[in-house]
Amino acid sequence: MSVSADTFTTEARSSSARQRWSALVPELVQALAGARSRDAARHVLLDWADRRERALRAEDPHDRPALEFYLSLLCCRVLRNIFSRRGEVLAGYGTVEAIWRSSRFELSPVEPMPREGFWQEIWHLFLGATGRAPVYRGMNTPDFVGMTGRSAARERNRELEELGREAQMWVDRYPDGLSEEAATRRSRNRQRILTIMGANQSDWENWRWQVGHLVRDEHTLSRLVELTDEEAEGIRLARAAGLPFAITPYYASLMDRRAHRRRDHAVRAQVIPSVDYVSRVCAALEETGPEELDFMGERDTSPIDLITRRYPQIAVFKPFHACAQICVYCQRNWEVRDVTCPTAAASRQQMANAIQWVSENEGLREILITGGDPLMLPDATLDWLLGEFRRIRHIERIRLGSRVPVVLPMRITPELVRILEGYHDPPRLTICLVTHVEHGYEITPDTARATQSLRQAGLSLYNQQVYTIENSRRFETVALRCALKRIGVDPYYCFNTKGKEETRFFRVPVARILQERKEEARLTPGTVRTDEPVFNLPRLGKNHLRAGQDHHVIGLRPDGGRVYEFLPWEKGLSPAPSYVYRDVPIYDYLRRLARRGERASNYRNIWYYF
């Protein structure tokens, strides 16, 4: 039994998951009710999980399909984690006491009281542990398994063809910006914006004109596209609070004129701050200052101004603290500035000092030049920087992190391409560009022309997607990867949204990105799904989420949010500390999808990805 659509339509059923759990394991509930203390209740719960695991391992292997067997074992392991004292202490919530008191029909002193999302997690875990998870319900062993030779191959081909057609039907739900229909719509948008701004096509193609005419307030943007009341309020509050806000006219043309958000939801959400985001940022700034927003702890990994280092052979170099426009959930919102701010660029001396530091650290092999967006620096400055790094013999690769091809593709001028091509000199030195395309609707023929000019210069292009509520619907990210490959960009990383509290609006459960990789990305060719799902740990760096041995569910919060313990990438090299992360609840995420017209049944397996 899985979460049904009507679960999301009424709060009157708030106790449904708890009641279902009680009916699922009545003998356990009875034993809990008889427990005289919390410690006794913990013993009852842990004993149940242990006995259940022993019973599974005692089964004849022919009694239960292997996939169901291992899923049940996994659920038992998670239950042991969340019922353990260690898990509760790290999670900061008394799961055992909450369940124990509920079994005795007592009000729990554990505050706050567990909500429906909590009981949904408990219920699904026990469904899995007892071998009743809905993952494989109604499925039959493929016919080709009992065949051999050509007949097996033909049956296998038939099933694969059916899977491929189904996947493509999902992908086709999500329009990208490369179609003739989309190009026509954007052309009309461009002409309307040029008329309003009193400009012409020549102005439009000039990146300096674009930067000089950034949209900076809700009144100007509302003249170009229709805004919802919430969008207008979010912009107004951001400007009143002094938070950076800017949109290029080009990127504004990617928004549909009407605010229906059917196609352009990801485009709008990328740059229009929500009221929730602004209020959380302001609260953090008022309470502790900008350091609260430095989720990655970059101050603690910066040995010198402009440099961040978290890995042995690569360092981050940040010469420019602004972008052509501001992404709402920017990792560096604690230091990013307006693109036209006179102090956005570091001084030549600061850059020289950082370059000297790189030359003295011979363990480095690669430099990631990011910021901000380094391609917003003048050509002469970029030319000088690349030349300085080329003179450092131990630097073999330079990676440029830029969203310019997405928000300001006209910045990829012939002169800029010539500069980059001049330093791309394999095997001595290679130059590559990593961009952030978040949704296929951001990709346009202009983006394609920009990326192709870079590829023709010999550069490799990669994409780092941030996995958010805006691109996490079924096969939505697959559609993005397919569009990226069409314009010559390789998917590189797929980042689970960081745990920055101010970006809670965007965050997606870890389980969803794992589900996407297994049930959706896996249906595409390997050259399309070349990215890795990762989680960036503060001060530590990337945790590869597919490596299940590097993260564990250790607890639950009262709202149903899972608590993970992530192990550092260097766990086999040094005793670095782990990191405890509180995830957003799966139940809440599914409710948000339902409000966007999604059917919860399409995501029913999400509960069993850990």
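What follows is calculated from the coordinates using simple rules that are stated; it is not laboratory data. Everything numeric here is computed off the predicted structure, so don't read it as measured data. All Cβ positions, glycine included, derive from the backbone under ideal geometry; neighbour counts span all protein chains shown.
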Label Q191 and E286 with points 7 Å out from Cα along Cα→Cβ: what is the distance between them in nm? 4.8
With point charges of +1 on the Cβ of Lys and Arg and -1 on the Cβ of Asp and Glu, referenced to the Cα centre of the chain, which listed residue (G401, G488, P414) lies farthest in the positive direction of the dipole? G488
Let's see if you can work this out: charge +1 on each Lys and Arg Cβ, -1 on each Asp and Glu Cβ, no other charges. What is the dipole magnitude of the chain about its Cα centre, in debye to the nearest 20? 900
Once you charge only the Cβ atoms, +1 for Lys and Arg and -1 for Asp and Glu, what is the size of the charge dipole of the stretch 180-278 about its Cα centre, to the nearest 20 debye? 260
Can you tell which of Y251, T220, M197 lies farthest toward the positive end of the dipole of the stretch 180-278, using +1 and -1 charges on the Cβ of basic and acidic side chains (Lys, Arg; Asp, Glu)? M197
Three-way shape call for the stretch 180-278 based on the alpha-carbon gyration tensor, with the a/c threshold at 1.5: oblate
Please compute the contact order of the chain in relative form: average sequence separation of alpha-carbon pairs under 8 Å and at least six residues apart, divided by the residue count, as a percent. 16
Roughly what % of Cα-Cα distances in the chain sit above 32 Å, to the whole percent? 53
What does the highest-first list of 137-146, 63-72 look like by mean Cβ count within 10 Å? 63-72, 137-146
Which helices, counted as full DSSP H runs in the chain, have an axial Cα extent of no less than 15 Å and a Kyte-Doolittle average of 0.5 or above? 66-83
For the chain, what does -39500 (n - 2.57) per DSSP helix run (n ≥ 4), summed and divided by total residues, give at 222 nm, in deg cm²/dmol to the nearest 500? -13000 deg cm²/dmol
Report the one residue of P175, L46, T288 whose Cα lies farthest in the direction of the positive end of the charge dipole of the chain (charges on C-beta: Lys and Arg +1, Asp and Glu -1; origin at the Cα centre). L46
Any idea what the dipole of the stretch 521-564 comes to, in debye rounded to 20, about its Cα centre with Lys/Arg Cβ at +1 and Asp/Glu Cβ at -1? 20
At a 10 Å Cβ-Cβ cut-off, how would you order H62, H424, fewest neighbours first? H62, H424
What's the ranking of 243-252, 31-40 by average number of surrounding C-beta atoms within 10 Å, highest first? 243-252, 31-40
With Cβ to Cβ distances under 12 Å as the rule, what net charge do the other residues near V417 carry (K, R +1; D, E -1)? +1
